[in-house]
Amino acid sequence: MDLQVHNGSSVSVSDAVFGADFNESLVHQVVVAYLAGGRAGTKAQKGRSDVRGGGRKPWRQKGTGRARAGTIRSPIFTGGGKVFAATPRDFSQKVNRKMYRGGLRSILSELQRQERLVVVDEFKLESAKTKALIAKLAELGAPRALVVLPDVDEGVYLASRNIPYVDVIDTAALNPAALVGAEKVIMSVAAVERVQEWLA
């Protein structure tokens with residue numbers, strides 16, 4: 001199949017990458033797995049065995065009229081441990097490489113069908129200015145977009161930092177969450193070829 005380039009020409013791409021059927025369950029799985037893998041999982045609280053102190057029995061077992069207690073670090077006391085203390089955990093989910101790439105192919109194909117994929121010959125700015133990037137995006141009809149470049153372009157990246165709903169990444173950082181969340185995706189021809197080489 002052919003993808004239309006913004007300047008009027010076209011670029012030939014593989015049907016397997018940009019013409020695949022949309023697999024909603026697979027896309028959901030790879031997006032959730034990607035987001036889960038980014039979670040720190042470093043939350044930690046202290047249980048009764050972790051809290052400092054409480055080595056001595058606070059009062060004798062019988063005869064005081066109070067409930068029996070073995071330590072003042074029990075969860076019922078102020079300063080005691082947490083009943084179900086949170087511990088560091090790994091949220092990552094296993095997704096096979098074949099499934100992950102299949103999910104990306106499905107997302108890219110759906111973006112193409114919905115006309116949310118904009119292909120340009122190259123994406124360059126005369127200067128690393130926010131105003132220049134805003135003008136460029138307006139020219140392409142995509143004020144809110146994810147810009148995918150073959151390699152990191154520091155000028156484009158610096159110009160994009162202060163614009164809401166605009167992100168700039170290179171093909172190595174391409175991920176399902178960024179693609180799904182983008183209103184439009186702008187890709188240079190070189191980026192399309194590199195992505196196709198990766199996912200074909």
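The values are calculated or read from the model by the stated rules, or taken from the named source; none is laboratory data. Computed from a predicted structure; not experimentally measured. Here Cβ is always computed from backbone atoms with ideal geometry, including for glycine, and neighbour counts include all displayed protein chains.
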Point to revise | Enumeration of residues in region 133-148 that are under 17 Å from G181 (Cβ atoms), outside any helix (DSSP H, G or I) and of a type in the set (A, V, I, L, M) | key: A142, A145, L146, V147, V148
Review point. Hey, A69 hits all of (1) over 30 Å from Q196 (Cβ atoms); (2) surrounded by fewer than 14 Cβ atoms within 10 Å (Cβ to Cβ) but one; which does it fall short on?
Key: (2)
Revision key, fill the gap. When every residue in region 23-65 that is assigned to a loop (DSSP other than H, G, I, E, B), of a type outside the set (K, R) and within 20 Å of the chain's Cα centre (by Cα) is compared, the one nearest to K94 (Cα to Cα) is G38
Revision key, fill the gap. Reported set for region 99-132 where residues are out of contact with any strand residue (DSSP E or B) (no Cβ under 8 Å at 6 or more places or on another chain), assigned to a helix (DSSP H, G or I) and not aliphatic (A, V, I, L, M) is Y100, R101, G102, G103, R105, S106, S109, E110, R113, T130, K131
Review point. All but one of (1) over 23 Å from V11 (Cβ atoms); (2) crowded, with 17+ Cβ neighbours inside 10 Å; (3) modelled with pLDDT under 90 hold for S160; which doesn't?
Key: (3)
